[in-house]
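The values are calculated or read from the model by the stated rules, or taken from the named source; none is laboratory data. Because the structure is predicted, anything quoted here is derived from the model rather than measured. Counting neighbours? That spans all protein chains shown, and the Cβs are built from the backbone with ideal geometry, glycine included.
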Amino acid sequence: VPEVKVLHMADMHLEWPFAAMGAEGAKGRLRREELKAVFAGIIGLALSEAVQVLLLAGDLFEHAHAGRGLMKFIDQQFQRIPRTRVFISPGNHDPLLPNSYYLSYPWASNVHIFGPEAERVDLPDLPVSVYGWGFGAYEVRECHLAGLRAQDPARISLAVVHGGDEAYHPFRPADLAALGADYIALGHIHKEGVLLEQGGRVIARYSGSPEALGFGEPGEHGVYLGTVGKQENRLRFVPTGRRRYETLTVDVTGAESLEDVVARVLAVDEPDARRQHCYRLALTGAVEPGFSVDLSVLAARLANEFYFVKLADETRPDYDLAALARERSARGLFVQRLLAQEAAAPDGAARARIRRALTLGLEAFGRGGAR
Amino acid sequence: VRIERLIMTGFGRFRGRTLQLEPGLNVLYGPNEAGKSTVQRFLLGMLYGFKKRGQRRDYTEDAARFRPWDGGEYRGALEYVLEGDGRRFRVERLFEPGRDEVRLYDAEAGTDLTGRYQLDRRKELLFAEEQWGLDQEAFRSTAWVGQLGVAGLPAGAELAGRVANLQESGAEELSVQAALRYLEERVRDIGTERAAVKPYGRVLRALDEQRQVLRRAEAAREQTLEWEAGLAETGGALAEIDAELAELSRRLAWAEAAEAAERLERAADEARRVRERLGALREQEARALAELADLERQLGSRRLAAEHGADAVARLDFIDARLAALLPAPGGGALVWAAVAVLLIAAGAAAVALGAGLPIAGLLAVAGLACGALFLSARSGAARLRRQRAGLELEKAQILGRLEAASAGDIRSRAVRYEQLTARREGLQDRLQQIRAELAGLPPAAVGPDPGPGAAAAAELEALRAQLSGAAPAGLRPGVELRADIRRLEGRRAGLQARASDLSARIETILEGLPDTADLRRELVVLEEEKAGCEAELAALQLARETIAQVSGELHREFAPRLNRAMGAVVAELTGRRYGAVRVDESMTLRALAAGERTVDVFSLSGGTVDQFYLGLRLALLQLVTDGQEPVPLILDDPFMQYDDHRAEGAMRYLGAAARGQQVILSTCHSRDARLAEQLGARVIHLADEVQEASEH
């Protein structure tokens, strides 16, 4: 039974700015280096697993930031796997613009880059056809899947394509089903997930980003590796992410000192995990009105405990708002008004603003003194 | 609250001065400059301190103004009773700016209660706010009436808000105004777009700069990408030209081979032609030589006639002429004929001899002897004649025989022929010379063995073709054209190579100094987050402020009717019922309704009346604010200055009545007021006396 060994990856985003690292510039730059190391690791995987087809479903690098040096690095990686055919479908972060390195760099001979015209490439030595389409602009608002329909039922049909939302090459599972492909490697969504399954056989999926790029991408990250055949696809998730991004809340109710808060913050994870991953921690809970933790002091205190931690103070002064709202006073009316607004708030941002106004107003009324 | 003692340890003009107050109406009476206003300020300072609002290290001008005149310690104490539970308190305060301090004690037990009360942001102890139920602003707007009572009132809406709060929230020191001020300070802390040193302005500026830096970096990057693209394009064009050049070179090689082959063919043709010529010349030469030999032979046989012909013919002609003259008789002729016959025989013998190589002269001599013999035999005339003729005949025969000619004509024709043959021989010799010259001029190669037509050329062409790669191109073009094309392409190639190295150099240069746009982008995002943080905080502050302003406005609308009622009652008392109905609008403009008359703006009334109204407003506010709580002492500094006697009396009566419910402390320099107060049973403190009294202690 003919089958082909495939590695499906996407959304590497080399030269991603890592704004999540905030003012820690060196750490941001280090993360970019780590991203390259993750990519080199995936190539190593392709090599050791004797992958026949590497499907790269877009956003390999940041067109806005990548330079020739990075292209050299990428190309050297491809040269490590001369027996693997590499297929790239450019995405919205690395579109095939006229000044793209995809066009100007002399890529290794095992690399094929798809463009805004749908294309089919037949492997000479395998009964495999690879169909691909790539972004030619930063935004693409129409679907281009029609050109990727499998044409030869005798051959294994692979498709590689980026997109799936309104401004970025919209398509629906039904559009994918219409392709008649044996496997469709998707990119764009940074969380891995199946988009099309037929009789227990996964036909189309996002592989997710191999390395999380920020706090919007929690959990494990990796690539898909395995075989695709005419009847059966056996691909497994291979984790490649080095650092996770965890967004957690730390209830500091009742904390009375910096060390109280520190103890609760440290309890979020094991020391090894803390020193490896990135954490965004929101301090929550009701605190004594007037008690507040200076986040910069806390951050300094935690510097050796975490690889990276971003702190937010979402504690609220321990007011009995319901009681305050019943008060026949300007303050009572104020609380009543804002609680009503909060209940009707259209979104989280509005709710946060109202909460903050409430805290500020109560602080203003009581100057930290009233209960 | 009832104030019992003011202890001015060192305050303005006072040093170690204590004032003892009673419940009810207390009047401080003294001339100007006696220190009445100082006492008023002392009270205010004891309760609230002299720090400016919201400022920790900034003091009101009072702080400097009441520094003790003697330069001694700047402090005082105040004792009061809370009438609700009868507890006595003592406040001690050091006023010295920068070292100012306040402590609160239980006046009976002496316990320090300072720690039980909150400090505000200025580190000011908020005991009065809690115990008296009024913050400084509210106190100064109501119970504490300075000399310029009207001017001292805060703006309408502000007062309304504050009053509303005070009214509704009882003992809590909640103040809409203070809250709004606090929020404004927070807004100021963040700053506006224009305040470059404040966080918001700073982040906006930094963001602006960062955007510009990023834009420049991105432009430089775009430029590099363009150059990279240009370089790639140039590389592609170069590859095309190289391919084209390779094809042209191949074609040229073929063309050159073909041309070489053609040259070889031509050379072979030429050689063939030369060889043919050579053959022809040699044949001509051989023919000429053969002809020459023939001629020589012919000439040989005619040489005698040619050499001696002329003499012989002349002699023969002479002989013939002599013979004709010696024409014989018949018979005589026989002799002649005999002689002739002899001569003929002799000649014949001579001819044979000549052929045999015998000497002709000998023969002729024999023939002559024979003729002589004949001559002798004919001795007679005739004989002589005959003898002569025979001699001639003999000579003639001898000559002819010698020349082997039949006749003189024969000799003559033979000479002519000889001449002809000689000319022919010369012609042939010239021709031969020409042939030999041409032969000498022929290329020596042609002289070698003939390899056969075009064989060498074909072999050489085959060798050339063996060196050429690929199939023969269709439609061979001449090498000259191809070479021109190659030159043209090589020119273009040189241009492209120059462009490529120029682009490479540019890319190298710009790459060295190219900023890290990813990092710039990260910094930009950080600044954007900072800006968003500022804006979110500003929005929250704005929402809090708006909400507070809104609810205080609503409270005012709720509160205004009650204020109007309370004020109407007070004003009716103060004005001896001339004015009863009063309206306070949201901007705190007072409108009075004179009994049975139209509504008037209070400011259109006389100064004294305006004062009355605003005193009424304060008193009404105080009533409402402290309604149901600990009453607060009323402290008035010369409030009736502008009043006529009638009004002053009315007002004093009102205060006397009010003093039944709350302590009233009124200072005045008018003996009229002091007298009125005494009539109402007030304690009148003569400030000058008190000074002495105190110094007596």
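Residue check: is B:Phe50 more than 30 Å from B:Gln623 (Cβ to Cβ), buried (at least 21 other Cβ atoms within 10 Å of the Cβ) and of a type in the set (Phe, Trp, Tyr)? Spelling it out, it is not the case that B:Phe50 is more than 30 Å from B:Gln623 (Cβ to Cβ), buried (at least 21 other Cβ atoms within 10 Å of the Cβ) and of a type in the set (Phe, Trp, Tyr).
Listed by first and then second residue, the pairs linking a residue in segment A:63-75 that is at the interface with another protein chain (Cβ under 10 Å from one of its Cβ atoms) to a residue that is small (Gly, Ala, Ser), with Cβ atoms under 7 Å apart and 6 or more places separating them unless they lie on different chains, are A:His63/A:Ser100; A:His65/B:Ala518.
Answer yes or no as to whether B:Leu514 is more than 27 Å from B:Ile190 (Cβ to Cβ) and not in a helix (DSSP H, G or I). In short, yes. Only one entry in A:Arg280, A:Arg275 is among the basic types (Lys, Arg), surrounded by fewer than 16 Cβ atoms within 10 Å (Cβ to Cβ), modelled with pLDDT of 90 or more and within 16 Å of A:Glu24 (Cα to Cα), namely A:Arg275.
Rundown of residues vs (1) modelled with pLDDT under 85; (2) among the acidic types (Asp, Glu); (3) out of contact with any strand residue (DSSP E or B) (no Cβ under 6 Å at 6 or more places or on another chain), yes/no style:
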{"site": "B:Leu538", "(1), (2), (3)": "no, no, yes"}
{"site": "B:Gln542", "(1), (2), (3)": "no, no, yes"}
{"site": "B:Glu546", "(1), (2), (3)": "no, yes, yes"}
{"site": "B:Val571", "(1), (2), (3)": "yes, no, no"}
{"site": "B:Gly576", "(1), (2), (3)": "yes, no, yes"}
{"site": "B:Gly580", "(1), (2), (3)": "yes, no, yes"}
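In a residue-by-residue description of segment A:237-248, the property of being touching a helix residue (DSSP H, G or I) at 6+ places or on another chain (Cβ under 6 Å) and acidic (Asp, Glu) applies to no position. Within segment B:639-683, being assigned to a loop (DSSP other than H, G, I, E, B), surrounded by fewer than 23 Cβ atoms within 10 Å (Cβ to Cβ) and polar (S, T, N, Q) holds for B:Gln642, B:Gln662. Cβ-Cβ contacts under 6 Å between residues 6 or more apart (or on different chains), taken from a first residue in segment B:95-115 that is without any contact (Cβ under 8 Å) to a residue 60 or more places away in the chain to a second residue that is hydroxyl-bearing (Ser, Thr, Tyr), are listed as B:Glu96/B:Tyr74; B:Pro97/B:Tyr59; B:Arg103/B:Thr114; B:Leu104/B:Thr114; B:Asp112/B:Tyr105.
Filtering segment B:219-261 to residues that are within 11 Å of another protein chain (Cβ to nearest Cβ), buried (at least 18 other Cβ atoms within 10 Å of the Cβ) and not charged (D, E, K, R) leaves B:Thr224, B:Leu225, B:Trp227, B:Ala229, B:Gly230, B:Leu231, B:Ala232, B:Thr234. Summed over segment B:442-501, residues that are at pLDDT 70 or above and not in a helix (DSSP H, G or I) total 9. When residues in segment B:138-159 are screened for being within 14 Å of chain A (Cβ to nearest Cβ) and either touching a strand residue (DSSP E or B) at 6+ places or on another chain (Cβ under 7 Å) or modelled with pLDDT of 50 or more (or both), 2 of them pass. Please work out if B:Ala64 is assigned to a helix (DSSP H, G or I), among the aliphatic types (A, V, I, L, M) and more than 14 Å from every other protein chain (Cβ to nearest Cβ). Considered against the rule, which asks whether it is assigned to a helix (DSSP H, G or I), among the aliphatic types (A, V, I, L, M) and more than 14 Å from every other protein chain (Cβ to nearest Cβ), B:Ala64 comes out as yes.
The lone criterion from (1) within 14 Å of chain B (Cβ to nearest Cβ); (2) over 25 Å from B:Glu528 (Cα atoms); (3) in contact (Cβ under 8 Å) with a residue 40 or more places away in the chain; (4) not acidic (Asp, Glu) left unmet by A:Pro2 is number (1).
Restricting attention to segment B:265-281, which residues are surrounded by 13 or more Cβ atoms within 10 Å (Cβ to Cβ) and under 25 Å from B:Arg424 (Cβ atoms)?
From segment B:265-281, those surrounded by 13 or more Cβ atoms within 10 Å (Cβ to Cβ) are B:265, B:267-272, B:274-275, B:277-278, B:281; that's our starting set.
Hit for segment B:265-281 is B:Leu281, nothing else.
Which residues, counting only those in segment B:3-37, are surrounded by 20 or more Cβ atoms within 10 Å (Cβ to Cβ) and in contact with a Phe, Trp or Tyr (Cβ under 7 Å, 6 or more places away or on another chain)? B:Ile3, B:Leu6, B:Met8, B:Gly10, B:Phe11, B:Gly12, B:Gly35, listed by residue number.
Picking from A:Arg83, A:Arg120, which residue would you name as being away from chain B (no Cβ under 14 Å), closer than 21 Å to A:Leu45 by Cα and among the basic types (Lys, Arg)? None of the others qualify; the one that does is A:Arg83.
Any idea how many residues of segment A:28-48 are at the interface with chain B (Cβ under 10 Å from one of its Cβ atoms) and either outside any helix (DSSP H, G or I) or more than 23 Å from A:Gln79 (Cα to Cα) (or both)? Break it down into steps so the answer makes sense when it comes.
Of segment A:28-48, the ones at the interface with chain B (Cβ under 10 Å from one of its Cβ atoms) are A:28-29, A:31-32.
The next check asks that each one be either outside any helix (DSSP H, G or I) or more than 23 Å from A:Gln79 (Cα to Cα) (or both); those that pass are A:28-29, A:31.
Of the residues in segment A:28-48, 3 are at the interface with chain B (Cβ under 10 Å from one of its Cβ atoms) and either outside any helix (DSSP H, G or I) or more than 23 Å from A:Gln79 (Cα to Cα) (or both).
If you go through segment B:616-648 and keep only what is among the hydroxyl-bearing types (Ser, Thr, Tyr) and under 19 Å from B:Val1 (Cβ atoms), you end up with just B:Thr626.
Of the residues that sit in segment B:177-218 and are β-branched (Val, Ile, Thr) and in a helix (DSSP H, G or I), which one is nearest to the other protein chains (Cβ to nearest Cβ)? So the residue we want is B:Val187.
Once segment A:328-353 is narrowed to residues that are surrounded by 18 or more Cβ atoms within 10 Å (Cβ to Cβ) and at the interface with chain B (Cβ under 7 Å from one of its Cβ atoms), the residue that is farthest from B:Glu535 (Cα to Cα) is A:Ser329.
Only one of the numbered conditions (1) touching a residue at least 24 places away in the same chain (Cβ under 8 Å); (2) more than 30 Å from B:Arg251 (Cα to Cα); (3) acidic (Asp, Glu) is violated by B:Asp485, and that is (2).
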